[in-house]
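The values are calculated or read from the model by the stated rules, or taken from the named source; none is laboratory data. As the structure is a computational prediction, the values presented were derived from the model and not from experiment. Ideal geometry is used to build each Cβ from the backbone, glycine not excepted, and the neighbour counts take in all protein chains shown.
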Amino acid sequence: MIGIFGGTFDPIHNGHVNIIEDLLSLVELDELIIIPNGNPPHKKKRIEESLKLAMTKMALEHIPGVVIDSRELNKKEPSYAYETLLDLKKEHPQDELLWIMGSDSFLDIESWYSYKKFIKEVNILVLQRPNYFLNKKNGLTDPITERSNFTKKDFSNGPNQVYLLKIKPIEITSTHIRQMIYSDKDVASFIDPNVNAFIKENNLYK
């Protein structure tokens with residue numbers, strides 16, 4: 001079972017790291033592919049792709065089973081989850097894939113490119129975020145299955161299933177961290193020390 005977890009990571013912070021560590025302790029995965037978004041059609045680009053990739057590796061390279069995938073960062077055109085999913089399915093034909101996203105993203109999924117096709121192609125694990133609560137009967141799939149942890153067997157009913165996992169909430173956002181950096185405030189307690197030094201060295205988010 002391979003998990004796929006995309007994110008803007010702009011910048012990656014301790015909240016992201018804690019969620020990934022929490023996720024791996026609660027969900028049985030053989031591997032977790034982290035995909036930093038390169039050029040998402042709905043978000044503004046702030047830093048160069050190579051810088052985002054470097055920071056993501058710094059923050060996550062200590063976690064066993066995590067693989068950083070740069071495919072979306074390497075694309076010049078907008079990145080769409082559905083196209084990325086099809087590519088990954090071709091590359092891992094013998095593996096079950098599990099797409100992981102926050103509940104805020106899932107509530108907005110109907111705005112995604114080819115979202116109906118996307119949902120039919122893969123199982124989705126939704127991470128419950130504060131203030132973004134799902135209707136268990138959402139009209140897109142069967143009723144959502146909610147558990148406090150999952151094994152591979154729990155995902156054996158085929159694609160087009162949605163699962164909900166409660167995780168420790170993130171107490172900080174990338175937006176807040178960018179604002180703090182812009183205002184010359186100390187963010188050392190919110191991000192990896194190497195990432196913090198890298199941001200200062202490259203004068204990012206100023």
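Looking at the range 35-57 only, could you name the residues that are at pLDDT 95 or above, among the β-branched types (Val, Ile, Thr) and either out of contact with any helix residue (DSSP H, G or I) (no Cβ under 6 Å at 6 or more places or on another chain) or outside any strand (DSSP E or B) (or both)? Once the filter is applied, which keeps residues that are at pLDDT 95 or above, among the β-branched types (Val, Ile, Thr) and either out of contact with any helix residue (DSSP H, G or I) (no Cβ under 6 Å at 6 or more places or on another chain) or outside any strand (DSSP E or B) (or both), the range 35-57 yields only THR56.
Looking across the range 68-100 at every residue that is more than 20 Å from THR151 (Cα to Cα) and among the β-branched types (Val, Ile, Thr), the one that is surrounded by the most Cβ atoms within 10 Å (Cβ to Cβ) is identified as THR84.
From the list ASP104, ASP154, ASP142, pick out the single residue that is part of a helix (DSSP H, G or I), modelled with pLDDT under 95, farther than 24 Å from ASN37 by Cβ and among the acidic types (Asp, Glu).
On the way: ASP104 fails: farther than 24 Å from ASN37 by Cβ; ASP142 fails: part of a helix (DSSP H, G or I).
Criteria check complete, one pass: ASP154.
Number of residues in the range 141-195 that are exposed (fewer than 14 other Cβ atoms within 10 Å of the Cβ), more than 25 Å from ILE63 (Cα to Cα) and of a type in the set (Asp, Glu): the value is 3. Taken together, ILE12, ILE19, ILE47, ILE2 contain a single residue that is surrounded by fewer than 20 Cβ atoms within 10 Å (Cβ to Cβ), of a type in the set (Val, Ile, Thr) and farther than 27 Å from PRO93 by Cβ, which is ILE47.
Note on the range 163-179: among residues that are charged (D, E, K, R) and more than 16 Å from the chain's Cα centre (by Cα), the one that is farthest from ILE47 (Cα to Cα) is GLU171. Sub-8 Å Cβ pairs linking a first residue in the range 98-120 that is farther than 25 Å from LEU26 by Cα to a second residue that is part of a helix (DSSP H, G or I) and aromatic (Phe, Trp, Tyr), at least 6 apart or interchain, are TRP112/TYR82; TRP112/PHE118; TYR113/TYR82; SER114/TYR82; TYR115/TYR82; LYS117/TYR82, ordered by first then second residue.
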